[in-house]
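Report on one structure; see the data block that follows.
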Amino acid sequence: MIEVRVFATLRQGREKITMLSPEGISCAGDILDRMRIPPAEVSILLVNGFHQKPEAPVKDGDIVALFPPVGGG
């Protein structure tokens, strides 16, 4: 299973942690598609704690974290 953790506004209508079957998932972008998250809404994408792009490969046992753009003052 691939563990997907979503944060802040990306959690709206989603669980904080989702376990996905790796079948049909070869890259992080496939996870965004499966979870119906537009890539433009993801500012930080981590695979096993390392910054990656949606094209980054993912495999069974990986942990993917997704963060939206963060603003503040």
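Between the amide H of C27 and those of V58, distances stay under 5 Å, these residues lying 5 or more places away or on another chain, with hydrogens modeled in the peptide plane.
Full extension of the chain segment joining M35 with E23 gains 2.9 nm, where the gain is 0.36 nm per residue of separation less the Cα-Cα distance.
The Stokes-Einstein estimate for the chain, based on a Kirkwood radius over Cα pairs and taken at 10 °C with 1.306 mPa s viscosity, is a diffusion coefficient of 131 µm²/s. With contributions of -39500 (n - 2.57) from each DSSP H run of at least four residues, the per-residue ellipticity at 222 nm computed over the chain stands at -3000 deg cm²/dmol. With R₀ fixed at 22 Å, the C-beta to C-beta distance from Q52 to E15 puts the FRET efficiency at about 0.55.
Beta bridges from DSSP with both residues in the chain: antiparallel share about 75 percent, rounded to the nearest 5.
Loop-located trypsin sites (Lys or Arg not before Pro) in the chain (DSSP state other than H, G, I, E, B) with a sparse environment of at most 16 neighbouring Cβ atoms within 10 Å: R14, K16, R36, K59.
No value in this document is a laboratory result; all are computed from the given coordinates. Everything numeric in this text was worked out from a predicted model, so none of it was measured. Neighbour counts are summed over all protein chains in view; Cβ atoms, including those assigned to glycine, are modelled from backbone coordinates with ideal geometry.
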